[in-house]
Every structure is written in C-alpha cells, then in structure tokens.
Amino acid sequence: PDLTEDNIEMQFDYRQVYASLLRDWMLVDTDKINNDIFFKDFLNGPKEQGPGNYEPLPLAEQVISGVREQFVNDRFALNECYPNPAKDQTTIVFKLNSTLQVKLDLMDASGREVRNILNEEKVAGEHFIKADVSDLTPGIYLYQIEVGFFKETKKVIVTR
C-alpha cells in the first residue's frame, strides 16, 4: 500500500467479520446468517471484489467441555439419562438457555460414533430425548452433546 495515497487495501470485508462474529461468538446458525441476515455467504462464498472465495475467519476456537462453572451450568446442562442401566430405551435430558443447534451422539466405549440421536435446532428450555438402545450389544456407551462451544459426555450402560 502507498500510505501517501490513502489507499490501504482492505484485508477483510466487514460483512465477513460480522458474519464470523455472529457464527463464532453468538452461535447463530450458518444458514440463518447466509439466508436471513446477509442473503449471501460471507463466510466461505465467492468474494465481491477480486478472485477467489472468502476464507474462514476463526474468531473463537475454544470448546467448553465439562466445566463446572456456574456461568456454563446456568446456560447449558446435560443430565444423567434414565433409566441407567437401560434395556430398550433411555431418556436423555438437557437444558438450553436459547434457541441453538444441538448435536447428540451415542458412542461406544472407545469413542466411535454408534449413531446420531439428534442434530437439529432446539428452543430454550429443558428437553427430553428418547434414545432406542434395543439393538445395541450390552456394554458401556457414551452420549455426547455439542451445542456451540459446549461439549459434554456422560455414560450409559446397556443391559439385557
């Protein structure tokens, strides 16, 4: 850039920065950002000026995992499932403080995904999700929730 000409080249499109803030800090769903707020993909789509696509602009890359701070517990919670041990089905209970995308997976004891139980947007409040375990081999399994930066895992035992 030539500073005497007041022509410093733009490094980031302000809409790219704002879209990244919405996604990473405020946990707004990417589809809502692209389709309802900007009506264009400023996270990964083609640039308005110049060749190429917008590159990801990670502003927050932390993961909250099992932290027992009151701040997190007031906003998110993954409770113990019931019944546990379970024979045919168990109910998984979690709490959200706002409408967010929720991913809930069932994994074997080594951490390999057995099945996805839930992957959808849920409103604020307490949710009760029934998980069918009737086809699983008896043993120890893990259920894991991912909501934005919050990630927590708990254990369920399957018996016959």
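Rule-based calculations on the coordinates, nothing more; no lab input. These numbers were taken from a predicted model, which means no experiment stands behind them. Using ideal geometry, Cβ is built from the backbone for each residue, glycine included, and neighbour counts are taken over all protein chains shown.
At 0.36 nm per residue, minus the direct Cα-Cα distance, what do GLU113 and LYS154 gain on full extension? Give it in nm, one decimal, please. Intermediate results must be reported in sequence, preceding the final value.
Details: separation 41, 0.36 × 41 = 14.76 nm, distance 1.38 nm.
Here the segment from GLU113 to LYS154 would lengthen by 13.4 nm.
Extending each Cα 7 Å along its Cβ direction at TYR82 and LYS130, get the distance between those two points in nm, one decimal.
Each label point is offset 7 Å from its Cα along the Cβ direction, giving 1.6 nm.
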